[in-house]
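The structure under discussion appears below in the form of structure tokens.
No value in this document is a laboratory result; all are computed from the given coordinates. None of the values given here were measured: they were computed from a predicted structure. Reconstructed Cβ throughout: ideal geometry from the backbone, glycine too, with neighbour counts over all protein chains shown.
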Amino acid sequence: MKTIAKWFLIIWSLFCLFGIIIGLLSVSEHTGRMKTDLERGATSIGIGCGMTLWFGLWIALAGPALIIYLVSGRKELVNINIITPRDTHSKWIDRRLSSMQNRITDEDISLCDNCNNPYLKGKDKYCTWCGKKLD
């Protein structure tokens, strides 16, 4: 769908560009023969109406094709990292304790030297909070 919209947009834009150029060239042939200001003014109004018509037709078909081109195609996944605040470390320890069926004693819990948050000795190789390698 994206490829079809892109090529339609390109072909339609070139067609409208050629239409404008051809229109301007045909008007320039006739403006040299005009004698009065009234004829020149009418020609200017006609040129303006013609350009507005070409621009309106171009927008009417190129606008939706551009929108289809922009919203269709591959979508990239966005990775979201959630960082929890440090004051929730007690909840984290409670979850870890309940998952290990309360077999952990106070000697099994230590504090990280870098961020001063708790970790389980022997179980954790890296601090959950700051990512520093533990002893």
**Report entry** Cut-off under 5 Å, modelled amide H: who pairs with ASN117 long-range
**Finding:** CYS112
Query raised in the report: Per the Cauchy relation, a quarter of the hull surface: what is the mean projected area of the convex hull of the alpha carbons in the stretch 2-71, in nm²?
Result: 4.6
Report task. Add +1 for every Lys or Arg and -1 for every Asp or Glu among the other residues with Cβ under 12 Å from the Cβ of TYR69, and state the total. Result -> +2
